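> Please find one structure pasted underneath; my questions will follow.
Read the figures in this text as sums done on the coordinates, not as results from a lab. Since we're looking at a predicted model, the values are computed, not measured. Here the Cβ is made from the backbone with ideal geometry for all residues, glycine too, and neighbour counts use every protein chain on show.
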């Protein structure tokens, strides 16, 4: 007769000692997390619409689930969908910080004054970052090289790295722009369901600013007929929190994003949906989207001009700069040479 197997003690669980603090309600949706090894950490773009050339994207997909996210179609390259898959089937580039360090150490890297944007097609402070800390490790790498960085995020988790960002701001250059599209939490929750509340994001701006981190606010996206009337309030609250800079981006609906956004819009704002879509068509020459370089982040016509003038007027009144950050950082200390092995000859 075979005896029962002996009980084996569990080894220490490294996760038990880790505490993750949610500043708002945690997302109630289950996610699939897929890990991958990346070959490169920096993405390069040549778009005249963007103030940066290089970006660092440690994740694919985003748990924030914003219905309007322009990056949704990129998930289709993985064989997944641009809808719910983008929010729940997430990819972690687990070696991205190490690859970034290798790229910045390379003799081929001669862009030491060019800002690296965190991030271009994902939110580097989405909930997964609380566990994986890829963004923090990459920022530590940039700090060691005194390399300038610019962050745009909706994630209040960025306050975890306040001390690191303050040091980066002094040494290499750092700026954080908090994306806040809505002043009203209910409106925000309808189209960006798992993003921290506007109040939480504004408090995050305040804490960063008090620590010496230069901060700004991104009114992105502006959705005509839905949140354009909130522009003055958002700017005023951001200024009170310490913002010194602001920029505005009109809603973009490339490819499959249009259907995802329209479905969510009609479900959450059924009485305003047609008004919003018609207003957007008015600003885009009868279309919902204009993908042309130089045009895709802005609109045309009297209604768009009114929004721009409202934005500019309040920025002047509040003393907020509207200059987009240059991809080249001029004000910080010169980066130290990248560490290299001594040559043999």
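> Taking the beta-carbon count within 10 Å as an exposure proxy, list 314, 34, 175 from fewest neighbours to most.
34, 314, 175
> Per 0.36 nm of contour for each residue apart, how much would the distance between residue 98 and residue 44 grow if the chain were fully extended, relative to their Cα-Cα spacing?
My answer for the length gained is 17.6 nm.
> Hey, fewest Cβ within 10 Å first, where do 203, 44 land in order?
Neighbour counts put them in this order, fewest first: 44, 203.
> Give me the percent relative contact order of the range 171-326, please, defined on Cα pairs under 8 angstrom at least 6 residues apart.
About 24 percent, as a whole number.
> Here is a follow-up. Could you state the number of Å between the C-alpha centres of the range 118-179 and the range 213-273?
Value for the Cα centre distance between the two parts: 22 Å.
> While we're on this one: Can you put 29, 176 in order, fewest other beta carbons within 10 Å first?
29, 176
> Next question. Under the definition of Cα pairs under 8 Å and six or more residues apart, what whole-number percent is the relative contact order of the range 32-318?
17
> Please give the per residue volume of the convex hull enclosing the alpha carbon atoms of the range 32-318, rounded to a whole number of Å³.
Hull volume over Cα atoms, normalised by residue count, gives 122 Å³.
> To continue, here is another question. Arranged from highest to lowest average of other beta-carbon atoms within 10 Å per residue, in what order do the peptides 269-281, 188-200, 67-79 appear? It would help to have the intermediate numbers written out before the result.
On the way: 269-281: 15.7, 188-200: 20.3, 67-79: 18.1.
Going by the mean number of other Cβ atoms within 10 Å, highest first, we get 188-200, 67-79, 269-281.
> Please compute, over every Cα-Cα pair in the range 119-240, the percentage with a separation greater than 22 angstrom. Working shown, then result.
Details: 2446 of 7381 pairs.
Percent of Cα pairs beyond 22 Å in the range 119-240: 33.
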